[in-house]
Amino acid sequence: MRQLRLAIACLLAALTALLPLTGCAAAESPAVAAARAFARLEVWRSITSGATGSATVAVMDGGITVYAEGFGMADREGGVPVDKDTLFNMGSVSKVYVATAIMLLVDDGAVSLDAPAADYLPEFTMADARYKDITVRMLLNHTSGLPGTLGPSGFGYRYNEDFYEDVLDALAQSHLKHRPGALNPYCNDGFTLAEMIVAKVSGMSYLDFLGQRIFKPLGLKYTGIGVGERPEKDMTVARAYTPAGVVLPPEVLSLLGTGGLSATAEDICRFVDSFAPGGRHILSDASLAEMNAVQPAELGAKLPGYLSTYGLGWDFAALPDLNNAGFHVLGKSGGTFQYNSMTFIVPEERIAVAVILTGGDAMSLAYKLLKTYMAGKGLMENAPAPIAPPPKTEPVPPELKAYEGYYIGSDGLLRVGIDAAANTLTVYHVAGSEESPAFSSAYGDGCFHGPGRKHRFAAVDGRRYLLAHHALLGGEVIFAEMIEPSKAPQTLGVDVEGRMWLRRNAKAYEEPSPVFLLHSGGISGLPGFVYFDDSVMRITGPTTAGFSVANRRDLYELTLSEQNGVIWARLSDLLYSDADAAPTLKGGAAELTIGDAGYDEWLKVDADAVLSFEKPDQGRILVVRADGAFIYDSITDSGEVFVPADCFVAAAGEPGDIFTVRAR
């Protein structure tokens, strides 16, 4: 009878909720009720707005899951809903797992955090001798100075078996963007090398090591490689869809330590709970203390107010908002082409949350969910910050005029102008020879203020920065770094003004991205520099260009060459050829054959046409507009497609593959 009553209660709960709950309880705590109400409201708001397709959310308290729920459809065509056991890719939350793997090896006495990384990975070399100063710790706290995200075809629909070799080859030709330890721009490369160290030192594959030393001891039965490679047939995967509703192939990231794992939200909570004092520990107390501590770059001590909170693998080993309320917090975000994730753990309270979305803003949702739950437990207040009027406008100090100029930020090339008469700062987006205003702010109380934003300038060690206040996290982050003008500007031996470049070393299983077709040119107000879309590089010789700043996430180096009369451009690990050299579709049909080097082949369409294609089973056809937008991808599209003039057809496959393009 008791089982019947429980079943009836569960059925009633499911009928009255937006989606089925994970279980039923006679009495629900105010904290759980508040968390559930908040999660449902915000997730459904994001889904109905079109920003998110589906989601999974979990809250763990004291090692027990108190709330876990799925939202939306995992498989729209099959009518399969997301539940708490549905798999999502976690993206860069994976970095905490590789950091934990390194610390397990530290506990084993097999690795020292402050020993050179090259001691454990002798095949790792660079064209910059300073790489020998990169320690294992620097790989895990973003202070290594490595370029950013090297390794072509790391994001795709199949695991790249040559990924380690690709990364090491690219690094061997690369320089550091800053001295190891000095700065901490977000850097994926360090975690890829850390993954290699785990495999090298342990003598096991990276995934086998995680399985034996992390997944099994912590009971993480839903955690593993990216969803596109999961062998379990009984697990449901949350599929991602285009805005038009076309299902995308299940995603695989070959950079496993950097961002290639998948899990449920509940499994992520179970993992981060191991960092709480009362959690199930797999690390020694000393290693837990290392992973619970902020691991700053030298910049952190030189730039007051700068939100430098990286830990070993963590984005946040401290947060001003919760620190001020008396709580230590650890947090990590993740993002891929298809998924966004966020997890937080308050170790001393043993409260963890995790959110994964297909699209949308997981960080904001997870942080507000955490605070909602803690407020529901009476641990803190969660009232909105009081609205204050903007400061009174004041004259801009004359010394700030020195900060006018060009900057590189996460949004690419910017120009910063200061109007002393109006006492305002204006930031412009720069795209080639065109500029468009991004925002303007008035000066007052030592900062530039605008609706929802606050900025100030700072200089450290000869570098000038535009800092931004991060409202959600309660601290300042580096918004952009100023490009210091060249004292003796150099020019390239090849005129790249107004050229288009076609990607040649993409794999057939690689996710399409804006880097497939690039535009290049000079910057009129910045002699001695060249741009390839949003990559701006300082010209260093007739065929080379290097980093323009030091404190940006992903930076590239340029090398130009000529082969059989065709100009080629290598942007670090990405290879391009001049679009003018691509053959033009003539006579209504063309055949493209992948050569021995495996490079992609391209075809220009110079008149409106309806195209059809024949390709090998594992080959791929993409149609790209001159602005870089994709209008056809054989992975998701089929049949004929109308292609306007001045578009390009790309064929990707294995050496010897033959593709046929027909026009009518």
Original post:
So which residues in segment 510-528 are touching a Phe, Trp or Tyr at 6+ places or on another chain (Cβ under 8 Å) and either open to solvent by 20 Å² or more (accessible area, probe 1.4 Å) or outside any loop (DSSP other than H, G, I, E, B) (or both)?
Top reply: E510, P512, F516, L517, L518, H519, S520, G521, G522, G525
Original post:
With (1) surrounded by 21 or more Cβ atoms within 10 Å (Cβ to Cβ); (2) in a strand (DSSP E or B); (3) at pLDDT 95 or above as the list, and E476 as the residue in question, which single condition is left unmet?
Top reply: (3)
**OP:** Among the residues of segment 197-212, count how many are out of contact with any Ser or Thr (no Cβ under 7 Å at 6 or more places or on another chain) and crowded, with 21+ Cβ neighbours inside 10 Å.
**Re:** 4
Original post:
Which numbered condition trips up Y465, out of (1) open to solvent by 10 Å² or more (accessible area, probe 1.4 Å); (2) more than 16 Å from V536 (Cα to Cα)?
Top reply: (1)
Original post:
Can you pull out the residues in segment 249-287 that are assigned to a loop (DSSP other than H, G, I, E, B), touching a Gly at 6+ places or on another chain (Cβ under 7 Å) and crowded, with 20+ Cβ neighbours inside 10 Å?
Top reply: P250, E251, S254, L255, G260, G279
Original post:
Only one residue in V82, V111, V93, V136 is within 24 Å of I214 (Cβ to Cβ), in contact with a Gly (Cβ under 7 Å, 6 or more places away or on another chain) and among the β-branched types (V, I, T). Which one?
Top reply: V93
Original post:
Would you pick out the residues in segment 116-141 that are in contact with a Pro (Cβ under 7 Å, 6 or more places away or on another chain) and either within 29 Å of R230 (Cβ to Cβ) or not in a loop (DSSP other than H, G, I, E, B) (or both)?
Top reply: R130, K132, D133, T135, M138
**OP:** For residues that are more than 26 Å from the chain's Cα centre (by Cα) and open to solvent by 40 Å² or more (accessible area, probe 1.4 Å), scanning just segment 422-436, find the one that is nearest to E497 (Cα to Cα).
**Re:** S433
Original post:
Do we have any residue at all in segment 421-444 that's of a type in the set (D, E, K, R) and under 30 Å from A297 (Cα atoms)?
Top reply: no
**OP:** Starting from residues that are of a type in the set (D, E, K, R) and part of a loop (DSSP other than H, G, I, E, B), keep the ones in segment 529-549 and report whichever is nearest to R415 (Cα to Cα).
**Re:** D534
Original post:
Out of segment 437-452, which residues are more than 26 Å from the chain's Cα centre (by Cα), outside any strand (DSSP E or B) and small (G, A, S)?
Top reply: G446
**OP:** With a cut-off of at least 3 residues that are in contact with a strand residue (DSSP E or B) (Cβ under 8 Å, 6 or more places away or on another chain), buried (at least 21 other Cβ atoms within 10 Å of the Cβ) and touching a residue at least 12 places away in the same chain (Cβ under 8 Å), name the helices (runs of 4 or more DSSP H) lying wholly within segment 288-389.
**Re:** 362-376
Original post:
Can you name every residue in segment 594-639 that is more than 34 Å from the chain's Cα centre (by Cα) and more than 30 Å from V247 (Cβ to Cβ)?
Top reply: D606, A607
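Conditions tested, residue by residue: (1) at pLDDT 95 or above; (2) within 18 Å of the chain's Cα centre (by Cα).
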{"position": "V294", "(1), (2)": "yes, no"}
{"position": "P304", "(1), (2)": "no, no"}
{"position": "A318", "(1), (2)": "no, no"}
{"position": "D321", "(1), (2)": "no, no"}
{"position": "A325", "(1), (2)": "no, no"}
{"position": "T336", "(1), (2)": "yes, yes"}
{"position": "S341", "(1), (2)": "yes, yes"}
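Here's the yes/no breakdown for (1) outside any loop (DSSP other than H, G, I, E, B); (2) over 19 Å from S524 (Cα atoms); (3) open to solvent by 10 Å² or more (accessible area, probe 1.4 Å); (4) out of contact with any Pro (no Cβ under 6 Å at 6 or more places or on another chain):
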site	(1), (2), (3), (4)
L400	yes, yes, yes, yes
Y406	yes, no, yes, yes
V416	yes, no, no, yes
K454	yes, yes, yes, yes
Original post:
Is it the case that segment 73-85 has a residue that's within 30 Å of H281 (Cβ to Cβ), of a type in the set (A, V, I, L, M) and free of Cβ contacts under 8 Å to residues at least 60 places away in the same chain?
Top reply: no
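The values are calculated or read from the model by the stated rules, or taken from the named source; none is laboratory data. Since the structure is predicted, the reported quantities are computational estimates derived from the model, not experimental observations. Methodologically, a virtual Cβ is constructed for each residue, glycine included, from the backbone with ideal geometry; neighbour enumeration extends over all protein chains shown. These area figures cover heavy atoms from the full protein model, side chains too; ligands, DNA and RNA do not enter into them. Shrake-Rupley method; radii C 1.70, N 1.55, O 1.52, S 1.80 Å.
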